[in-house]
1. Mind counting the residues in region 397-416 that are in a loop (DSSP other than H, G, I, E, B) and closer than 23 Å to residue 174 by Cα?
2. Among 320, 312, which is at pLDDT 95 or above, closer than 29 Å to residue 495 by Cβ, within 28 Å of the chain's Cα centre (by Cα) and surrounded by 24 or more Cβ atoms within 10 Å (Cβ to Cβ)?
3. Against the definition (on the phi < 0 side of the Ramachandran plot and out of contact with any helix residue (DSSP H, G or I) (no Cβ under 7 Å at 6 or more places or on another chain)), how does residue 471 come out, yes or no?
4. Considering only residues of region 39-73 that are surrounded by fewer than 17 Cβ atoms within 10 Å (Cβ to Cβ) and assigned to a strand (DSSP E or B), which is nearest to the chain's Cα centre (by Cα)?
5. Would you point out the residue of region 97-143, among those that are more than 26 Å from the chain's Cα centre (by Cα) and at pLDDT below 95, that is surrounded by the fewest Cβ atoms within 10 Å (Cβ to Cβ)?
6. I need a count of the residues in region 446-456 that are surrounded by 15 or more Cβ atoms within 10 Å (Cβ to Cβ) and either touching a strand residue (DSSP E or B) at 6+ places or on another chain (Cβ under 6 Å) or part of a helix (DSSP H, G or I) (or both).
7. Assuming residue 212 fulfils every condition listed in (1) in contact with a strand residue (DSSP E or B) (Cβ under 9 Å, 6 or more places away or on another chain); (2) modelled with pLDDT of 95 or more apart from one, which condition is it?
8. Among the residues of region 476-519, how many are touching a strand residue (DSSP E or B) at 6+ places or on another chain (Cβ under 6 Å), part of a loop (DSSP other than H, G, I, E, B) and either without any contact (Cβ under 8 Å) to a residue 24 or more places away in the chain or under 18 Å from residue 709 (Cα atoms) (or both)?
């Protein structure tokens, strides 16, 4: 019997080894060739596509058009499946790949009709931009085809890869609208629900300004005491519903003028906060080409699927972005007099089947029913000026003055542009599409107040150039003045604690180097949670009995280190306590929002000042069955501990922030096929940051890149990306640079030793 078992196990092992070897061999066939020669009728002169030790693409061409071909080729080789997902997600076409399981998501996307909008916008682009997109598109398709066999994602899913189209590149830009701006109309939708349930008083209570304000002009929104509203009921609620914390798509950036650097050149820092996936959203590239007889070199990160350098430097200027959160969406309350009509969207499924999504349209935008009433969404992404290729012009811009003049004309989701130049100038300005309407609102407007200015892009915008302090900063909170805020509205601003901490760090020094900027990027001091640490420590020391019961907890809290440090248990306790307290205090509001088909989740980042007001005032009407506010807070703390114990075990020593908030960046397929996790995912690292500090990091969210640069001093510049260049797990560039990112080290902006090269010549 034992002998039979041994033979069986040996046979199974051999089978697994053969299967693994076969899979490895099959995957090897889809590896792109990184050396060699090729021809194409898309280029006019010879072009080289080289790669350095990190896999960074280094392109040398005679024209920008030819450079676009090589960039498309590199994207097609290294990232085609990622690009395919981006275009399909924006267009609502994932069901064709993944079947009916993706149908509901596709319906949500079809609400915006972005495929049709991309097709129309493509026709409106200047002919030179259309030609550049066509050349880039050909490069993508020839790069994808070069391997000869579909990438492993298509082999595993059984799906077919479709050729890239020029309109798909516009869809990829639209995918960034969905990531970066959808929260704006989700916020307003939640406020509509809140207003219908509770009225204006609750809305003002939740939206009251916080103490964390860091506008560039120092202006403050008034923090006058807001009346505490009554909840709908005072019923005893024992089951608390978790209010999900939404990832706040945003970023940090800041700059100083040349007066504050040793070189006299201005310096920029930029780290964009996005969902972290495998492969990384960004693709490193350097483009070398001529334009009107002049040489240009631009180095930075590109977005696979598009032909532009998104963030980078041409050695004259350097630029970076944070999400702007100006109000770019309005819900319009429709009446019986407002015309609506039906549109049937056919959604392809595998095996030639289709599903039909019936969409209601209006003159103001697509229509959704909210609590029995029809509302139309007017969103900047639905406008013809939402997307264009004007960002390409930054590659040849040579001064801050030119950059801020170009900023309003760039068709991307509105961003805080931070730009510096080699002459020592630094500036901030909102960049991207902003509607020209002047009446932004938090809740729905009537159709009679709909402004036709929605059809136009606002070009008159605030800006700050070379402030007297020499320092500029943004972090997704309000940047504009209190006066300009009335004009541009609130599209879901961050709380402001992170921006305030960045500002304070800049005010601490009068001279800066790249090292100083990198230290701010990695700053994980828990300034925002310090009052919560004090509050929790006092709660657990309220009397002798309580202090005795929580003596172990207090020992961890006393040693919390005031940072989101990997070995801090105290930080974990404070962080989870605050989150649990929000759930406990706002339980009745969340319950009623859920019943109406909404949630406080889209408004959670606003709750800080209201929560403190409730703690200090201690109204009985908000106790929901607890004897007093001390009992409520202890119940919240116990709930936090139960949650930690359920996930990380009963031993409190195991609740270190590094483990609880561990960086775990996963490939989309590993979630469906866990057996492939070790093969596809990035290595796990201890967490070191959090949401309300410059070092933003959650398990699958955080700084997608870290960029620090002085134009004219690029040999010292830093560009560290949260993942490798290649999307192929057998590529030497699959994880290149990730270890440096995860350990808080850095990699250079400029290419290093070139290790591979493909030469393209025009097809005879």
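The values are calculated or read from the model by the stated rules, or taken from the named source; none is laboratory data. The model shown is predicted, which means the values in this text are computed figures rather than measured ones. Heads up, the Cβs are rebuilt from the backbone with ideal geometry, glycines too, and the neighbour counts pull from every protein chain shown.
1. Result for region 397-416: 4.
2. Result: 320 is the single residue among 320, 312 that is at pLDDT 95 or above, closer than 29 Å to residue 495 by Cβ, within 28 Å of the chain's Cα centre (by Cα) and surrounded by 24 or more Cβ atoms within 10 Å (Cβ to Cβ).
3. No; evaluated as a whole, the condition is false for this residue.
4. 48
5. Filtering region 97-143 for residues that are more than 26 Å from the chain's Cα centre (by Cα) and at pLDDT below 95, the one surrounded by the fewest Cβ atoms within 10 Å (Cβ to Cβ) comes out as 100.
6. 3
7. (1) is the only condition that residue 212 fails.
8. Residues meeting the conditions: 1.
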